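These notes are about the structure you will find just below.
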Amino acid sequence: MMASINSKSLLRKFSIIFIGISLIPLIILFYLYSLFDESHQFIRIVNSHFALIIYIAGAICIIGFFGIRLRIKKIMLLNRIVKKTAITQTDRQILLELAEEKGEIGELAKSFINSLNPVTKKEQEQKETTEIIDDLLKKISEVFTRVNNYDELIRLVLETAVDALGAKQGALFSADDNRYALKASVGMDAVTPEQIIEHTQSYLDEVAEQNRFLITTADETSEQSDKLFTPPLIFLPLVHDGKYLGVICFGGNSYWNTISNPHMATMLNLSYQISVSLGNAKTNKYSDQAHLEMLAALALAVEARDPYSRGHSARVCENAKKIGELIRLPEKDINILSDASIIHDIGKIGIKYGVLNKRGNISAEGKAVIRNHPIIGESILLQIPSCRHLLDSVRHHHERLDGSGYPDRLNSEKISTITNIMIVADLFDTLMEGRSYRTGMHFTEAKRELDYLVNTGRLDKDIVRTLYHTLK
């Protein structure tokens, strides 16, 4: 049944105007008829009466003309905006004004605004993502083009770790003969390095003496320390090959009062990885390796942003190395496989937290954003000449043999053995551990999924079978 037409309906408005204009000749005829006398003789029309009739008829016609013109003009305006491929701010304002109309024009404008909102949101997300990536690559480029780029890389790792752990402040101190130097700090820009060291000296000494991490609650921190750090605080020693190299500190997060195992594991892994890098840097013999180890620390910090992927890179590395050893890859290739596996997801540093950790189904826009991470990872590694041998595996660890993967849709002929191993190891761990948008699978389910991908020509059959052997 047709819906009833309200008083503001466009059809009703046109009907009223049409009837009003149509009545003009009827009114004139009725008036003329009223001028006949009883003998049906026409009485002479008074000039003033005739003029009045003309004025009324003209007024009604003019009102009707402009009424129809105004409605048609709004329809044409709406049509012009709808046909545009790019909507300007002025167009948006006009749409909002048209949406306030009662009736069909207003409803059409509202419908178009509603259909426009997802597009606008997509454009905004793409713009924000592009800005994040551009800022990140600019920062990475600055890190590796400066003379003191290693210290800048340390700061980037610390910034990412503070963000991932939800802390408010962070600091990394190097130690040399019981003297401390502040290598990097986050969240304390208005404070000098000397002040930071002075206010943490007692804690640093205690960590060095006990050679273990130290956690202080809000009640235990001194008034002096509270001026710089938000309690509670956690201090972790940086030790490599038995040498005490420094301390990393985080402050300002309530869960550290009763620290959880996942957070503790993340911080211990991070402190270990930074220690290895600092140890290599101190010898001045392995500068490239020191940079690579610090990139591994950065990858750990990036991974910590997503609770569902913590430990993912280490597990991928372990399974990938086992596969490589079983198929008797040369030691050089196994080392490449190991290094690439550890840092393969480093590009996720360019993905916003809300996109990376979204629960439920991921939108097409969200998937497009996430699929940028291999390209971002490659862009980061391009800044380090000694990491060029890792570029292929980092960029292509989401490709598939049938060309259905990303970002380059490579086919089997263009995917190396090392990358194929990473593809299988990465996918297997993702299936088993799950993500924010789905739960992890049982091994039988994961095996069924891998077998399906083998049968449909997307995964390497021999590598998948070798993975199964490593799990026996």
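The values are calculated or read from the model by the stated rules, or taken from the named source; none is laboratory data. These numbers were taken from a predicted model, which means no experiment stands behind them. Cβ coordinates were reconstructed from backbone atoms using ideal geometry, including for glycine residues, and neighbour counts include every protein chain displayed. Remember, those area values only see protein heavy atoms, side chains included, never the ligands or the DNA or RNA. Shrake-Rupley method; radii C 1.70, N 1.55, O 1.52, S 1.80 Å.
Return a yes/no flag: does the stretch 454-466 have any residue that is open to solvent by less than 60 Å² (accessible area, probe 1.4 Å), hydrophobic (A, V, I, L, M, F, W, C) and farther than 30 Å from residue 305 by Cα.
So far as the stretch 454-466 goes, yes, one or more of its residues are open to solvent by less than 60 Å² (accessible area, probe 1.4 Å), hydrophobic (A, V, I, L, M, F, W, C) and farther than 30 Å from residue 305 by Cα.
I need a count of the residues in the stretch 241-252 that are open to solvent by 20 Å² or more (accessible area, probe 1.4 Å) and touching a residue at least 40 places away in the same chain (Cβ under 8 Å).
The qualifying residues number 1.
How many residues does the stretch 383-412 contain that are touching a helix residue (DSSP H, G or I) at 6+ places or on another chain (Cβ under 7 Å) and free of Cβ contacts under 8 Å to residues at least 60 places away in the same chain?
13
Can you tell me which residue is nearest to the chain's Cα centre (by Cα) among those in the stretch 155-166 that are open to solvent by 20 Å² or more (accessible area, probe 1.4 Å) and in contact (Cβ under 8 Å) with a residue 40 or more places away in the chain?
Among those residues, the one meeting the criterion is 163.
Tell me the residue from 165, 182, 153 that is touching an Asp or Glu at 6+ places or on another chain (Cβ under 9 Å) and at pLDDT 80 or above, please.
Answer to the selection: 182.
Of the conditions (1) open to solvent by less than 70 Å² (accessible area, probe 1.4 Å); (2) at negative phi; (3) in contact with a strand residue (DSSP E or B) (Cβ under 9 Å, 6 or more places away or on another chain); (4) of a type outside the set (Lys, Arg), residue 187 clears all except one; give me its number.
(2)
Going by the conditions given, is residue 228 modelled with pLDDT of 85 or more and either closer than 18 Å to residue 177 by Cα or in contact with a helix residue (DSSP H, G or I) (Cβ under 9 Å, 6 or more places away or on another chain) (or both)?
no
Among 326, 298, 292, 270, which is the only one that is over 27 Å from the mean Cα position of the chain (by Cα) and at pLDDT 80 or above?
Answer to the check: 326.
Would you mind telling me which numbered condition in (1) part of a loop (DSSP other than H, G, I, E, B); (2) in contact with a helix residue (DSSP H, G or I) (Cβ under 9 Å, 6 or more places away or on another chain) residue 375 fails?
Just one mismatch for residue 375, condition (1).
Among the residues of the stretch 167-187, how many are of a type in the set (Gly, Ala, Ser) and within 25 Å of the chain's Cα centre (by Cα)?
Total meeting the criteria: 3.
Please return the ranges of helices (runs of 4 or more DSSP H) entirely within the stretch 260-350 where 3 or more residues are of a type outside the set (Gly, Ala, Ser), within 18 Å of residue 153 (Cβ to Cβ) and open to solvent by 30 Å² or more (accessible area, probe 1.4 Å).
Output list reads 261-283, 287-304.
Surrounded by 18 or more Cβ atoms within 10 Å (Cβ to Cβ), modelled with pLDDT of 95 or more and of a type outside the set (Asp, Glu): is that true of residue 400 in this structure?
Spelling it out, residue 400 is indeed surrounded by 18 or more Cβ atoms within 10 Å (Cβ to Cβ), modelled with pLDDT of 95 or more and of a type outside the set (Asp, Glu).
Just to verify a result, which residue in the stretch 365-382, among those that are without any contact (Cβ under 8 Å) to a residue 24 or more places away in the chain and closer than 13 Å to residue 347 by Cα, is most open to solvent (accessible area, probe 1.4 Å)?
Checking each candidate, the answer is 382.
Kindly establish whether residue 418 is under 17 Å from residue 313 (Cα atoms), among the β-branched types (Val, Ile, Thr) and open to solvent by 20 Å² or more (accessible area, probe 1.4 Å).
yes
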